Each structure stands twice: as C-alpha cells, then as structure tokens.
Amino acid sequence: MPGGNSQWKRRIEKILSCGVTEKKQSRSQVLFGGPAAECTCGWDHDKYDRDNQATPAAAPAAAAVPPPKEVDFGILCKPASVGVNDVRNKSGVNNIKKQKGCYDLEVFGPTNGKCPHCESPNIEAGNANRCVKTIFTLRGPRFVQGIGLKCKDCNGSQWQSFEKTYVDTLPKRQQNELDAVVAGKRNGVGMDLIHAMRSGQTAASLERNSVAYMTRKHAEWEEEYDNNCRKLKGLGFGVVEREFPSINESGVLDFAAKSEIITMGFLRDFITVEPQLLRELGSYKSEIAMAIDHQRKVVKHAVGNNGASSFTVVGDGGIVLGYYVVPNDADEWLQHAMKEIVKRHGAVLNNDLKTVLVQGDLPKVIYVDKLCCGGTEGSRANAVRYFFGMLKKLDVFHLIQRIGKEINCEHPRKADFLKLLSECIFTNVEEDEVLLQQARDRGGIDNLTPSSGEGRQDEVRPHCDCEPEENCFKDHRHCQVPGCNRPRSKATVHGRW
C-alpha cells in the first residue's frame, strides 16, 4: 500500500472499508448470503470477477472434407517405347521394362546374327524401333521393342531385330527368348499358338480361346475396381462414381489374337521348319484303322475354279498321317501317298497294290470316300475288296451324304431324316453329356436339349451301339470291339473334319 497521505492510499482505504468489499472478503456471506451491501467507494467490484472468469473453450472448427478420390480402373495398356541404349544387345527376362499401368515391355535387340539377304555377319545397329510390336499369345498380349539393323556388305539393306528372317540366324537360346514369329509390319504370333495349330486346333478355335481369356481378364479388373471403391468408402473417403468401361469400350479385345494373324504366323513358321515337320509327320502311324478323304473347297480359294483337290489320310484319334494336294481324285494320284504310308507301317504290297505280302503294322481296315464297291469274299475278285492292303469300307459320313443326294433338296423333311439316320448309327457318350450339362449349369446356360445341337458337336463324343459300351474305342475313329468296324463320326474327330 502506498505510504504517507497520498491520494492512492486514501483511495485504497476507501475501497477496503466499502461494504461490498467486506462482503466479498467474508467467506460465510459469500457462501450463505446476507444483507445486501451498498458501494460507498465507487469502484467496480465486479471487474475482477469478469476478468478472471474462465473463458469457455471455442468450438473446434469443422474438419475439412477431403475431395473425393478417383479410383483407377486398373486396365493395363500398351507400354511406351524406350531409348536405343535400353534395347541394343539386350534381350531376355532380365531386361523387361516395367511401366505403371502398362503391360511389361520386352526388349529384343541382339546384333550377333547375320544379314537375312547375304548372310554376312558385318551388320550394325541403327535407331531403336519406336513402334512397340504386339505379340499375341494364348495368355494375353506381349509387347516387344526391337532395334533397326543394317548390313554393311549388301547396299545397306535394313530390317528389324525381331523379324523372322533375322531371328532364324540367331542361336537357339536367343530365338527362344523371343518365342514368337514376326513377319513384316504385322503383329507377332506367340509360339504357343503355333504349337496349338500343329496339334490340330483351328485358328478360329484359338481366336475364341483368346477372346475368352481377355473377357475373363476384363471381368477380373472390373471386380478389383469395385472392391477398391468399397474399401475407400468403408474408410470414410468419398469416391468419384464412374461406370467401369464395357469390354468393347475398354479396347481389351484389341489384344485378342485374330484367326487371320494366327494363320499367317503358322504359315510363316512352316516355311522355316518344313523339313522337321515333314520328318515328324512321316513318323506317325495308326493301329486300329485309317480313313481317306478328298476336299476340293480347301484349295479352291488358292487356285480358282480349276483348282486341285486335297487328299488327306487320317489315323486313330484323328491324327493326320498325310496331307497332299493332287490335280483330281483319280487313283493314279493316290499311289504315291499310299505307298509311302504303307511302307511307313512296315508292310509290303503285292504287284496289284491291293493285297500285301507282309502286313507289318498296317491296320486291317480303311474307310474311304469312294471306290468302296466291288469284290466278294472268297471269290476270284476277293482282292478288289482291299485298298493298299486294308479292307475298304465306305465311311458313314459319305454313306449319309450319298443318301442325301438322292433326296430332293427342297423336301421339307430332308434334314430331319438325315439327322435321324445319323442318330440310328451313333449314340452320344453319356459321360460327356453329364459333364457338358454340369459345365452349362455352372455357366448359367439353360435349355440343353437334344434338338438344339448347341455345344454338342465338339464337346460330346459319339459311339456306335456296340455292347458293352465301355469297350468302345472312344478316343479313336473306330470301335475297338472285335468284329465291329463302325466308324466314328467325322464331324467329331477333334474338329478336323
């Protein structure tokens, strides 16, 4: 307190002696109340209480709402090209380039081959090929980038490092690293597709398989996109609502192999490996039976209306023993092919080319499309019954076809009659029907009826009505039951007829 008789001392003493101050200082009056006191000092007694009153905490500011997230569809696209230094003299799995949201980029730039024109090893690398080449396979597309090459010895001829003519000059290890056939400006074809065609699958069936694979990948990407959206929403994030692109809008089917490209790759590869394939074909044999057939339409597209005919020899299981192009279906053109096949089986023919001196491994029966008549067992014309050492029988397909030719094509019940005639000869394997029905049920496909024929010709095997059914040689063209020579339907031998 100030000393002396200053005005501040008098002011403080007046405030302390004020009744309001004494009441505030008295704890009992504060707690239990008392008579109201009057202020005699003129000081603002409540200012201290107002200044020291606890200020209520301010309400927390509303959290900022994050912007909605845009989920990536996850559909892989074609990768971008890389520079020449990333391609030159590099290949194989150790040089695969990863790019976000894209398929892997394979580089193939070996320079240790020879010029495909003059076979000179004096070649040099040029610029990297900025156009990434698509390689179609059974399991989706591959993408390969090559490098331009130039020969120093033959007027500077140029080519790309992944072209088939150049790849054939490389060591086998490097050829297997590419594992594809690339010819000219077309996209490439993986060797898995070519091997499948060699095994008897058609280009059309391989195209369907490729489309089915890419369709399944599209469904997987769509499911993964939906799952990612649900996860973000479950965590409280906003998600931009976007409809997943359809399979046509996404461009996924552009990476499915087309039958035309598969066929071109198969034919281009055949030019290189023809000697090996002919040796492999020359080693095939048949044990149960053979079948021969002529087809003119197969080669008509290549040589016009005056075209030749193809002559095919098929063995057990539909395996092709020989395929030839002949001027027509006359007997003289068959001798060269049949003599080689008979010799392949270790048989020796008589001079009449009908019976054999040595049977070897030659089958007993051959099913023909013509020249089936003549000869009687035990007579002087007994040899006419044979065709290059095998007992000839008319193929059931051609039997039904001959009957059909005698019926007016405009008859309304011709098709039904021929179908019922075929069903009198062949019966579907019940095991295959059960498996096909189960597959259709899993896929949500209803109405499997015998009349529809949908999904039956390729998936359900027929067999003849021999007893017991278990003895029927289901994987071959003809029944194995002793004494039964009924053939299997040509339309169901692995889709080859």
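The values are calculated or read from the model by the stated rules, or taken from the named source; none is laboratory data. Just so it is clear, the model here is predicted, and its values are computed rather than measured. All Cβ positions, glycine included, derive from the backbone under ideal geometry; neighbour counts span all protein chains shown. Accessible surface areas use protein heavy atoms only, side chains included; no ligands, DNA or RNA. Shrake-Rupley method; radii C 1.70, N 1.55, O 1.52, S 1.80 Å.
Given the conditions (1) touching a residue at least 40 places away in the same chain (Cβ under 8 Å); (2) within 27 Å of ARG279 (Cβ to Cβ), report the number of the one that VAL348 does not fulfil.
Tallying (1) touching a residue at least 40 places away in the same chain (Cβ under 8 Å); (2) within 27 Å of ARG279 (Cβ to Cβ), VAL348 fails exactly one: (1).
Is it true that GLY360 is within 30 Å of ALA415 (Cα to Cα) and at pLDDT 85 or above?
no
Looking at segment 305-422, what strands (runs of 3 or more DSSP E) fall wholly within it and have at least 3 residues that are open to solvent by less than 20 Å² (accessible area, probe 1.4 Å)?
Ranges flagged: 309-314, 320-326, 365-368.
Can you pull out every residue in segment 257-289 that is in a loop (DSSP other than H, G, I, E, B), farther than 30 Å from PHE143 by Cα and either within 28 Å of the chain's Cα centre (by Cα) or of a type outside the set (D, E, K, R) (or both)?
GLY282, SER283, TYR284, SER286, ILE288
Those residues that are open to solvent by less than 60 Å² (accessible area, probe 1.4 Å), under 20 Å from VAL82 (Cβ atoms), in contact with a Ser or Thr (Cβ under 6 Å, 6 or more places away or on another chain) and in a loop (DSSP other than H, G, I, E, B), I need them from segment 114-167; list them, please.
Once the filter is applied, which keeps residues that are open to solvent by less than 60 Å² (accessible area, probe 1.4 Å), under 20 Å from VAL82 (Cβ atoms), in contact with a Ser or Thr (Cβ under 6 Å, 6 or more places away or on another chain) and in a loop (DSSP other than H, G, I, E, B), segment 114-167 yields VAL132, PRO141, GLY146.
Can you find, within segment 168-195, the residue that is farthest from the chain's Cα centre (by Cα) among those that are β-branched (Val, Ile, Thr) and in a strand (DSSP E or B)?
VAL181
Filtering segment 168-179 down to residues that are without any contact (Cβ under 8 Å) to a residue 60 or more places away in the chain and either small (Gly, Ala, Ser) or within 23 Å of ILE262 (Cβ to Cβ) (or both), which residue is surrounded by the most Cβ atoms within 10 Å (Cβ to Cβ)?
Going through the qualifying residues, I end up with GLN175.
Taking LYS185 as the residue in question, decide whether it is buried (at least 16 other Cβ atoms within 10 Å of the Cβ) and not β-branched (Val, Ile, Thr).
No: the conditions fail for LYS185.
Cβ-Cβ distance below 9 Å, separation of 6 or more or different chains: which pairs start in segment 230-244 with a residue that is within 14 Å of PRO68 (Cβ to Cβ) and end on one that is open to solvent by 60 Å² or more (accessible area, probe 1.4 Å) and of a type in the set (Val, Ile, Thr)?
GLY238/VAL65
Among (1) at pLDDT below 85; (2) small (Gly, Ala, Ser); (3) farther than 19 Å from GLN175 by Cα, there is one condition ALA125 misses while meeting the rest; what is its number?
Among (1) at pLDDT below 85; (2) small (Gly, Ala, Ser); (3) farther than 19 Å from GLN175 by Cα, the lone unmet condition for ALA125 is (3).
Given the criteria modelled with pLDDT of 85 or more, open to solvent by 80 Å² or more (accessible area, probe 1.4 Å) and polar (S, T, N, Q), does ASN447 qualify?
No, not satisfied.
Just one of (1) under 19 Å from SER286 (Cβ atoms); (2) in contact with a helix residue (DSSP H, G or I) (Cβ under 8 Å, 6 or more places away or on another chain) trips up ASP352, so point out which.
So the condition that ASP352 fails would be (1).
With (1) under 27 Å from GLU280 (Cβ atoms); (2) assigned to a helix (DSSP H, G or I); (3) open to solvent by less than 30 Å² (accessible area, probe 1.4 Å) as the list, and ASP432 as the residue in question, which single condition is left unmet?
(1)
Return the pair list, or none, for Cβ contacts closer than 9 Å from residues in segment 68-82 that are in a loop (DSSP other than H, G, I, E, B) to residues that are of a type in the set (A, V, I, L, M, F, W, C) and open to solvent by 60 Å² or more (accessible area, probe 1.4 Å), at least 6 apart or on different chains.
These pairs meet every condition: PRO68/PHE237; SER81/CYS131.
When both residues are 6+ apart or on different chains and their Cβ atoms are under 8 Å apart, which pairs have a first residue that lies in segment 359-372 and is touching a residue at least 60 places away in the same chain (Cβ under 8 Å), and a second that is open to solvent by 30 Å² or more (accessible area, probe 1.4 Å) and of a type in the set (Val, Ile, Thr)?
From residues that are touching a residue at least 60 places away in the same chain (Cβ under 8 Å), the pairs are PRO363/ILE288; VAL365/ILE288.
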